[in-house]
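Step one of this worksheet: look at the structure below.
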Amino acid sequence: MRKIIFLSLLVVCLAVPAVMALPVTEYFSGPTIENTYDQFWTTDATLESVSGGTDGIPDAPGGNGYIGRSTCEALGYASNGHITGEYTDASYTIQAYVWTPVVNTAAEPDDFWYHQLIFYRITDAEDATYYGYGRLHTQFNLDTAVITAPRIRLQITNPAFVHTTAWASPTDFTHSEGWHKLKIEITGTTANSYYDDSLLGASDWTSDGPERNAGKFGFGQYIDGAGTRSLYIDNFKAWSTGSAEPADPTPTPVPLSAQNWTYYE
């Protein structure tokens, strides 16, 4: 009888699908992608872990010789990227190093080219063709005909954009091309946004979009017209707000064979 009960329990356990629980980390520490991702939008993007130095992009701070690369061939205006987690996930913090290019153009597709963390992504029950989500994105364009200054914005859709909080350089941050740490610390329908560990400010969409209070998370880009563009990312992580941040992996030491040695007699 005990054997029959044990086997029944085993069958039940095997039948239950695995649910990804927070925290989630994607360190891009080798050639293999650790997590399973859904496409963020209807335009597909290809996610790879590539060697640092690929496309001229160096390792991120604390990197392990690899970086994430998400590439999309857009045929027109296109949001794209990768999400993971559960639709019921809420009140979490997400963080990553993101390579932020600086452009100076009013021409598509780079005039409005966003590099972003994605949160609270969910399909709206009212109409499956619309998808609500939140995003924290950079847009470092020096052309003042496009925007008055390079900016970082937090935006909420429900399903259209109903809330925006914007920060402009050099008032709130110093923009530059390179690796920058983006972080959004979410509690319910409020959030604190950070750039290189400095607090940009708080956002509250409780009145604007109270339904945007849970959903999947990830990273991606918006390409403003036809063209192929890549987002570079490293040390992506998500954890429950208020709990301990997952530790970064120890950087891989340079092999002795690759070190420069000077012989002294």
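Just so you know, all these numbers are worked out from the coordinates, no wet-lab data involved. Here the structure is a predicted model, which is why all the values come from computation and not from measurement. Glycine gets a Cβ as well: all are built from the backbone with ideal geometry, and neighbour counts include every protein chain shown.
Observations on the model:
- Integer Hz, Karplus 6.51/-1.76/1.60 couplings in order for region 173-185, x for Gly and Pro: 6, 10, 7, 6, 6, x, 7, 9, 8, 9, 8, 10, 10
- Karplus-based coupling profile of region 146-154, in residue order and whole Hz: 8, 9, 6, 7, x, 9, 10, 9, 10, with θ = phi - 60° in 6.51 cos²θ - 1.76 cosθ + 1.60 and x standing for Gly or Pro.
- Only Lys, Arg, Asp and Glu carry charge here, each on its Cβ (+1 for the first two, -1 for the last two); on that basis region 22-240 has a dipole of about 300 debye about its Cα centre.
- Cut-off 14 Å between beta-carbons: net charge of the residues surrounding THR187, Lys and Arg +1, Asp and Glu -1: -1
- Radius ratio Rg over Rh of region 22-240, counting only Cα atoms, Kirkwood formula for Rh: 0.93
- Sum of side-chain charges, LEU75 neighbourhood, beta-carbon under 14 Å (Lys, Arg +1; Asp, Glu -1): -3
- Net charge of neighbours whose Cβ lies under 15 Å from the Cβ of ALA166, counting Lys and Arg as +1 and Asp and Glu as -1: 0
- For the pair THR42 and ASN213, the difference between a 0.36 nm per residue extended length and the Cα-Cα distance amounts to 59.3 nm.
- Most positive-pole-ward Cα, VAL162, THR187, LEU47, against dipole of region 22-240 from beta carbon charges: THR187
- Vicinal HN-Hα couplings computed from phi for region 228-243 (Karplus, 6.51 cos²θ - 1.76 cosθ + 1.60; Hz; Gly/Pro x): 9, 9, 10, 9, 10, 8, 8, 6, 7, 8, 9, 8, 5, 4, x, 8
- Taking only Cα atoms of region 17-64, radius of gyration then Dmax in Å: 13.3, 40
- Here region 102-204 is assigned +1 on the Cβ of each Lys and Arg and -1 on the Cβ of each Asp and Glu. Its dipole about the Cα centre then comes out at about 200 debye.
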